[in-house]
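Structure record follows, encoded as structure tokens.
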Amino acid sequence: MLSTNNTGAIVNFLGTVREKDKKNKKILSMTLEHYPLMTENEILKIAEQATKKWDINCVSIIHRIGKLYPKEKIVYVGVSSKHRQNAFDACSFIMDYLKSNATFWKLEEFEHTKKWVIQDKKEIEALKKWS
Amino acid sequence: MVSFIEKFINMIIRYFSWVKDIVGKSEEIISISSDIDTPEKLIDHLIKKDEKYKKAFDKRNVIKVAQNKIYISKSTKIKNDDEIAFFPPVTGG
């Protein structure tokens, strides 16, 4: 699907579950909670913004929910365009906005505890480069 | 003689992530005075109701709000039959 419409470049991004948290503690599993329908609306808005901002052909976004284990895939973003820079930029833009706007929350599970992940301020700062 | 009839409005409130854990439920239907017409006032109302809301909204500036699944500010007008959601900054991706 991504290779239609005179495509010269396809950029794929795949996010995976880390094996350790920021404090180097072993993660046993990670549960992704989300807000049904709002999540889909936000993802669609982000894809539409990217389509307006860059000359791109197709966008594909998949985000998993529920219980995941280290090394498993969490998120996929694929963007196709005639020229590679538009696909690189649009893919990066989509990931930055997914991280800051799409209504998902990660719960990390360790040997004896569970912990909700706190949003990194860098994720919000990352949006500045697109304004 | 002055007569006063208090109007009530109904709302579904949804909670996610650690806000849900502290409040102890993922959603509830509430009937409140129509004077409570912003998320800010709704939070003020909830924290008076129970200690767990007080704890959940302790750092209220951090908490995000959605009205019918769209992000809003805490001063946006809310109305009867709205679905209001409270949640921490998102961490997906």
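Points to keep in mind about this one:
- Strands (runs of 3 or more DSSP E) fully within chain B counting 1 or more residues that are farther than 23 Å from A:LEU98 by Cβ: B:8-15, B:27-33, B:83-87
- Unique residue being among the hydrophobic types (A, V, I, L, M, F, W, C) and away from chain B (no Cβ under 14 Å) when the list is A:ILE43, A:ILE62, A:ILE56, A:ILE74: A:ILE56
- Count - residues of the range A:63-119 that are in contact with a Ser or Thr (Cβ under 6 Å, 6 or more places away or on another chain), surrounded by 21 or more Cβ atoms within 10 Å (Cβ to Cβ) and among the hydroxyl-bearing types (Ser, Thr, Tyr): 2
- Top-ranked residue of the range A:95-116 - restricted to ones that are more than 14 Å from the chain's Cα centre (by Cα) and in a strand (DSSP E or B), ranked as farthest from the other protein chains (Cβ to nearest Cβ): A:GLU109
- Each residue in the range B:73-93 was checked for being more than 19 Å from B:SER34 (Cα to Cα) and under 12 Å from the mean Cα position of the chain (by Cα), and 2 pass.
- Per this entry, B:TYR15 is not counted among residues that are among the aromatic types (Phe, Trp, Tyr), free of Cβ contacts under 8 Å to residues at least 12 places away in the same chain and within 14 Å of another protein chain (Cβ to nearest Cβ).
- Listed conditions (1) away from chain B (no Cβ under 14 Å); (2) under 16 Å from the mean Cα position of the chain (by Cα) are all met by A:SER80, apart from (2).
- Where a residue in the range B:34-52 is among the β-branched types (Val, Ile, Thr) and its partner, wherever it lies, is part of a helix (DSSP H, G or I), with Cβ under 7 Å and at least six apart: B:ILE36/B:LEU42; B:ILE36/B:HIS45; B:ILE47/B:TYR53; B:ILE47/B:LYS54
- Residue that is farthest from the chain's Cα centre (by Cα), among those in the range B:1-43 that are buried (at least 19 other Cβ atoms within 10 Å of the Cβ) and of a type in the set (Lys, Arg): B:LYS20
- Screening the range A:2-94 for strands (runs of 3 or more DSSP E) wholly inside it with 3 or more residues that are of a type in the set (Val, Ile, Thr) returns the ranges A:9-16, A:56-63, A:73-81.
- Restricting attention to the range B:1-50 and to residues that are of a type in the set (Phe, Trp, Tyr) and at pLDDT below 95, the residue that is farthest from A:VAL117 (Cα to Cα) turns out to be B:PHE4.
- B:VAL90 vs. criteria within 10 Å of chain A (Cβ to nearest Cβ), without any contact (Cβ under 8 Å) to a residue 40 or more places away in the chain and within 24 Å of A:LEU37 (Cα to Cα): yes
The values are calculated or read from the model by the stated rules, or taken from the named source; none is laboratory data. No experiment lies behind these values; they were computed from the predicted model shown. Ideal geometry is used to build each Cβ from the backbone, glycine not excepted, and the neighbour counts take in all protein chains shown.
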